[in-house]
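Chemist: Take this structure, written in structure tokens, and hold onto it; I'll ask about it next.
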Amino acid sequence: MISAIGPLPPRSAWVGLLLLAAFSTPGLADQRVATRFEVFGFAGMNVLTLQNRVEESGEHYTITSDYATKGLASVFVNLTTHAEVRGRLIPGSAQPEWFRDDSRRNGAERRSHVDYRPDGAVDAAVTPALPQPLPMAAMRDTVDNLTAYLRLQRQLARTGSCTSTAHVFDGRHAYDLVFADAGSQVLSPSGGQQFSGNAIACHMTRRYPPDITDPEMDEGAREGTIWYARLVPGDLLVPVRMEMDTQLGIVVGYLAELHGQGVDLTLMQ
């Protein structure tokens, strides 16, 4: 089995670690971390493969995410997606500059291009056009979903706490991602994943504003728990497992591979 790189320090030690964290310090070496997740649904069927890559260069970051349903899951929702965001690292957080999402859902092409302005304004172009355009107030002062999780990972490394809310607009949907502490745990190998070690659990809930009726509100994860561990040097905690309530039912995801910062892990095939 493979364990995390050392135990997670107590919460009071996170501030000291931050001073040593190359990930959050402008001007230090570029960093790249690539991961692959395998997601399983009913009766242990592999329903989705998710690949992410986080890159830093100076004060800027880029995240790319690719995923596709597979097996019987593609009969219900045949979905492939490529998403990418570029933004700036700011003290204790991250701010997107632009976000792109190109996907194919049940044979229909969908594209979203979003620009996030420094003053909080948002410009978006969506193809095909939304049947019910969102009010400007719902888009203002938002971030994309990839940046929302990057913010969470950096906050976890800095404070040890998940508690936060991200206001998200990804070109099609506007909602809040609400994160809450779910405790620290020692994980053991499970589901074919050979990982053991300390992890911080975060509970996620997706909430739509009460004045918005979204025809695709059930798309993606509605709520669930994500377990994060320190697997690479610096202040980036990495998700190692997740359990989510989705339109496909309850699914469980496992980190299968991680490469970056001198670390190469293969936790499952």
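Chemist: How far is it, in nm, from the label point at E59 to the one at T165 when both lie 7 Å from their Cα along the line to the Cβ?
Modeler: So the label points at E59 and T165 sit 2.9 nm apart.
Chemist: Same structure again: Could you work out the relative contact order of segment 2-266? I mean the mean sequence separation of Cα pairs under 8 Å and 6+ apart, divided by the number of residues, in percent. Before the final figure, lay out the partial values.
Modeler: Working: 625 pairs, mean separation 49.9, N = 265.
After rounding, I find 19 percent.
Chemist: Match the structure shown to one of the listed values (i) 58, 39, 34; (ii) 88, 43, 35; (iii) 50, 47, 30 of Cα extents along the principal axes in Å, computed from it, and give that label.
Modeler: Label (iii) holds the value from this structure.
Chemist: Label E243 and Q95 with points 7 Å out from Cα along Cα→Cβ: what is the distance between them in nm?
Modeler: Once both label points are built, they end up 3.9 nm from each other.
Chemist: Once the Cβ-Cβ distance between T205 and D66 is put in as r, and R0 is 25 Å, what FRET efficiency do you end up with, to the nearest 0.05? Provide the component values of the computation, followed by the final result.
Modeler: Values: r = 25 Å, r/R0 = 1.02.
Rounded to the nearest 0.05, the efficiency is 0.50.
Chemist: Evaluate the relative contact order of segment 40-180 (contact order divided by residue number), counting alpha-carbon pairs under 8 angstrom at least 6 apart; express in whole percent.
Modeler: Values: 284 pairs, mean separation 21.1, N = 141.
In percent, rounded to a whole number, it is 15.
Throughout, read-outs are computed from the coordinates displayed, never taken from laboratory work. Because the structure is predicted, anything quoted here is derived from the model rather than measured. In this analysis, Cβ positions are derived from the backbone assuming ideal geometry, glycine residues included, and neighbour counts consider all displayed protein chains.
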